[in-house]
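Bear in mind that the values in this text are calculations on the coordinates, not laboratory data. Please read these numbers as outputs of a predicted model, since none were measured by experiment. Cβ placement follows ideal geometry from the backbone for every residue including glycine, while neighbour counts extend to all protein chains displayed.
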Amino acid sequence: MNRVLAIVLLAVTALTAGAQEFNPIPRAWKWIGNEEVIFTYNGTYEDDASFVFNARKGKRTDGIKAPAKFSDFPLKPEGAVNLTYSPDSTKLAFTRDNDLYVVDIASGKETRLTHDGTDVILNGYASWVYYEEIFGRPSRYRAFWWSPDSRKIGFYRFDNSQVPMFPIYSAFANPAAAASQSQSPRVTDLALGGSLSETRYPKAGQTNPQVRIGIVDLGACEGCPLSSSGDCGSPEIVWADFDPTLDQYFGIPFWGPDSEEFFIARMPRLQNTIDLYAVNIADGSKRHVYNETYKTWLNWFDGVVFTDKGLYMSREFETGWQQIYFLSYDGKEFRRLTDGPNWDVSIVRVDEKNGDVYFTAKRDAVARQALYKVDKKGSIKALTDPAYNATGISFSPDGKYFVATLSNMTTPTKVAVVANKGGVVSSGSDNICAFPVRENQDKVSGKMWTQVEINAKPAVYPSCNIVADMKGPDYDASIYALPELVYITVADGLNLPGMIVYPKDFDESKKYPVHVDIYGGPDTPMVRDRWVTPNAANQWFAENGIIQITVDPRAAGHNGRAGLDMIYRQLTVWEVKDFCEWAEALQNLPYVDGEKIGVEGFSFGGTMTSMLLMQAPDKFHYGIAGGGVYDWALYDSHYTERYMDTPQNNPEGYEVSKVLNYVDGYPTGYETATVRASEAYADASAEQAVQSIRSAAEPVMLKLTHGTGDDNVHHQNTLQLLDALHKAGKKFDFMIYPDGMHGYRGYQGQHFQNANDEFWLKYLKAEY
């Protein structure tokens, strides 16, 4: 079945028979006092379907809109980028032409804070490598931060003058519009010469931007004499006492609770040491607060919770797992609060009065996170059942209640309001929040896999109300192919998780092709035991008789730093070994066609897919690689060097991790294809022989895709791989997406999906 057709059929089914199969799920928006919480469905401030739930009474009230708050900006200065409210909502900060501004909402008066912005000097606007790797894409390049008292702004100033330029060519006159991919390029967008965009992009080993950190006290401008232009002029900038010429990185800063100190994390280029400084806003002097070192690489401070006494953070340098630490603001007190195999730790609440810290983590299950509490004695209790993945945690202000969104692969999502009474208890209660072990449990068989994780007994909650359940009255799990959690144990004893979906009407006496979905990048797991609503896309392989499995290698984080540290200075080496062990496990299953195993991945997954077809074509026979890095010297400095060091310091590691070096291992060439076809059709006519060459399904086939507008993994990577394949006389497929970014959307995304479906039908099923 073509996937486009499947989507249409699914939509018709939903309209006719399955309208109540799945219900929408709200999220907790805001607590009103200590007992009532507002839920919203669309995530906006004006939601007609929103409701209020009283946790103490267990009562729901519909039709209540969320409290009024600015949902739009009252002022929109011309050319403003990243408009951001001050905490007291009286002012807006923004950048314009790479300078930083503040506007007073009541008067509309603008104050310009910097005056040297150019195409290479960026004030409050991030250089690309900071945007992509440190601040993250949700920052939208914003590099300024309000203080809690709304009187001060800290910002980063980037000097890109020495950062190498990378040009990105577009065939269209307006590449930004084309890159949106919302529609096909209009005729009016066409240009005879196309257009060129330029990015200051430091590749591994190249020069990074220089960074200065500025602080502006807006309060110092209050009451000053007006200038001839009618404003107070620009407040003085205090520059933090860091040497911008050093080869270094700065993390996302944060303000102290009293707005008197600006905290800055710094790493050297190698990223194996991190220092935290408190910068004095009056003179820019810095006070050292904290130091941490590690044998491979360190991560930035993330998800830090600030209190009056100090900050709480998750770090992973000491036990091989992520633990929660307390650090006083003066740096004199530093202590660890947790122990055990915690990963993906996120601190959600700190109760300093009682000495309790609440956090989510993968602690009892490597593919699921639950909510936990650690008390001042170090005792840790689960507050949600570890059999279910817990997200969307929101506590009432007094901590007596919390909201949790719970699910697993076979249990549709539920939203619960729970009384915080110390933790989940054993089964035996008739409480409505006593979930089943797994819905549709009879389908979870494990089929020759090791350690399929199924809890023997469900846990229940002391006091709980289900306020939303995705499972509608017409839901029937039997009509869907739902995932199952499976494990393999690799040769050195590490356990790796996967999630497998068997075809409809699965028959163990038959042989099935397999599609393997991978990524492989460090600390980026693909396998998560959580509900994903069945739709035409994720049911397609099952409908077409193909086993679908998503797998992770040791570097995904499931084994803590033990798995991650092994990949240092040799990206892809251990990943290839782990994915090959997955392939061997599949080939040993009696119901798997060991000659028809396909693999697909994008970005790092594209890198791995290409590497597998070149290094292990006996295990992975067909692959679709999108947007991959095929020479790590062509990728950005911060990400690559964290795991690989620089090309200058680690040339051997860069060579062993370079896909370009393994092209000769890819077995499919035009000469072999011609010989095979001519032998098969020795007595055929010339026309028949040509047709046989064109239609023959190769025993190994690689398909490459890339967008020419990709500013993350440059199209240069794929062009160099294409050239190497051409020189070696290799046969492969290639799809280019004009102005396509790092991931294809809109019409390009639909084309990508349709083309891939056809590829898998041809090579895994050998039919159309």
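Of note:
- Calculated FRET efficiency for the pair residue 110/residue 59, C-beta based, R₀ 60 Å, to 0.05: 0.80
- Between the C-alpha center of the stretch 365-425 and that of the stretch 474-521 there is a gap of 27 Å.
- Highest average packing first - 586-594, 87-95, Cβ atoms within 10 Å: 87-95, 586-594
- Hz values of 3J(HN,Hα) by residue in the stretch 374-380 - Karplus curve (6.51, -1.76, 1.60), Gly and Pro given as x: 10, 8, 5, 8, x, 6, 10
- Each of 139, 509, 259 has some number of other Cβ atoms within 10 Å of its Cβ, and from fewest to most they run 509, 139, 259.
- Summarising the amide proton neighbourhood of residue 468: residues at separation of 5 or more, or on other chains, whose placed amide H is nearer than 5 Å comprise 415.
- Virtual spin-label span in nm between residue 747 and residue 241, 7 Å along Cα→Cβ: 6.0
- Near the amide H of residue 91, within less than 5 Å, lie the amide hydrogens of 86, 105, all on another chain or at least 5 residues away, with H placed in the peptide plane.
- Chain lengthening between residue 35 and residue 85 when straightened (0.36 nm per residue, less Cα-Cα): 15.1 nm
- Separation of the alpha carbons by more than 26 angstrom is noted, of 619/731; 59/471; 577/703; 203/596, for 203/596.
- In Hz, Karplus ³J(HN,Hα) per residue of the stretch 526-539 (6.51, -1.76, 1.60; θ = phi - 60°; x = Gly, Pro): 9, 8, 9, 7, 9, 6, 10, 4, x, 9, 4, 5, 7, 9
- Across the stretch 137-143, computed HN-Hα scalar couplings (Karplus, 6.51 cos²θ - 1.76 cosθ + 1.60, θ = phi - 60°) run 4, x, 5, 6, 6, 5, 9 Hz from first to last residue, x flagging Gly and Pro.
- Under 5 Å, built H, 5+ apart or other chain: amide partners of residue 593: 512
- Fewest-first sequence of 73, 155, 166 by Cβ atoms within 10 Å of each Cβ: 73, 166, 155
- Under 16 Å from residue 30, Cα to Cα: lysines that are on another chain or at least 8 residues apart: 65, 69, 400
- Distance from the stretch 580-621 to the stretch 280-342 (C-alpha centre basis), Å: 41
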